[in-house]
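Chemist: Quick one: structure below, then a few questions.
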Amino acid sequence: MSRTPAAPARAVLVAAAVVVFQVIIVSWFAWPATEIEPRDLPVAVAGPPPATAAVTQQLNAVRPGAFKVTAVADGAAADQLIRDREAYAAFIVATDGMSLHVASAASPTVAALLTQASQVLAQQSGRPVTVVDVVPGPAGDPRGAGFASSFLPLVLTSLVAGLVMFVLFSRWSVRLIGLAAFTMLAGLGGTAIMNLLGVLDGNYLANAGAVGLLALAVSAAIAGLGALLGQAGVGLGVVLVFLFGNPISGIAAAPELLPTPWGSIGQLLPPGAGATLLRSTAFFDGAGSMAPLWTLVGWAAVGVVLVVVGRATAVRGHAPGGQAAAS
């Protein structure tokens, strides 16, 4: 009996499987963006205790559960919290009215949302609210679109570098040399082009270190998983770092605007940690950089170890009699 219908049927099944994958990916990438709203967003309120209590109550009434409020004595203390990346903004209560201090460099989306919230408070109090940008974004990228758009190429090229090192070179030592060279060149080159486009401020070498560490974390993870698990490991790395990590990275908004707990999880993956680290070095003199720094260091270290251990495992698996071959 002829089995010619089998090939067309397989083709239809493959097409259906790809569409199912497409639906999952589109949903995963689009869903966080449709759920953007403050969730325990750190803000400060400065002024006399009765006034700060009243503003805190108003904020909780406008958006219940949206803000994590810290009360401070005055505007200077509030601004310091913003510059230390412990608050995204501050409501300053004075005898002549209220002002909102924001940091658009931390998140233009948060600055816009809080500006809208301040207008609600202004309507309730009958007095205008002045908005002051304490840490503005760079003049060449005031809305942060260039900064956010730069990260997809950074992550993609790092994925490619890790894959190339795994495919083209069998010795773990050569792979590590390639990863080291890519880390240095990617940091210097990526930062240079972002500076040229006007999307970064701050110290060039500090920014280059942040970009290079992101590149190493991603490329080492891909090469290491590939060395350990083969093609399946590469696929796992791409899914984990790129397909899973990018939508919940908070690059275009802020982790606190994403659905719980995905914003926090995104900060444990290279794209989210890399964006937070680069914002800290570029706009806040390194404030708030420790958590993302150690996250990227952890990914890079695990990746490097897997490159070494994975290669050694592969050699032992193919050596006659179970003896390790020379790498």
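Chemist: Could you say which residue among Ala112, Ala145 is over 19 Å from the mean Cα position of the chain (by Cα) and more than 15 Å from Phe67 (Cβ to Cβ)?
Modeler: Ala112
Chemist: Of the numbered conditions (1) modelled with pLDDT under 90; (2) touching a Gly at 6+ places or on another chain (Cβ under 9 Å), Gly65 satisfies every one except a single condition; which is it?
Modeler: Failing condition for Gly65: (2).
Chemist: Residue check, Val43 against (1) of a type in the set (Val, Ile, Thr); (2) under 19 Å from Gln119 (Cβ atoms); (3) surrounded by fewer than 19 Cβ atoms within 10 Å (Cβ to Cβ), all met but one. Which one?
Modeler: (3)
Results for (1) part of a helix (DSSP H, G or I); (2) in contact with a strand residue (DSSP E or B) (Cβ under 6 Å, 6 or more places away or on another chain); (3) over 24 Å from Pro108 (Cβ atoms), shown as yes or no for each residue.
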residue	(1), (2), (3)
Asp201	no, no, no
Leu205	yes, no, yes
Ala210	yes, no, no
Leu214	yes, no, no
Ala227	yes, no, yes
Gly233	yes, no, yes
Gly250	no, no, no
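Chemist: Which of the residues spanning the range 99-142 are surrounded by fewer than 14 Cβ atoms within 10 Å (Cβ to Cβ), part of a loop (DSSP other than H, G, I, E, B) and in the same structural domain as Glu86 (by TED's automatic domain parsing)?
Modeler: Gly126, Arg127, Pro128, listed by residue number.
Chemist: Right, something else. Here is a list: Val20, Val26, Val55. Which entry is assigned to a helix (DSSP H, G or I) and modelled with pLDDT under 90?
Modeler: Just a single option satisfies the conditions, and that option is Val55.
The values are calculated or read from the model by the stated rules, or taken from the named source; none is laboratory data. Predicted model only: the values in this text are computed from it and were never measured. Because the Cβ atoms are built from the backbone with ideal geometry, glycine has one as well, and the counts that use them run over all protein chains shown.
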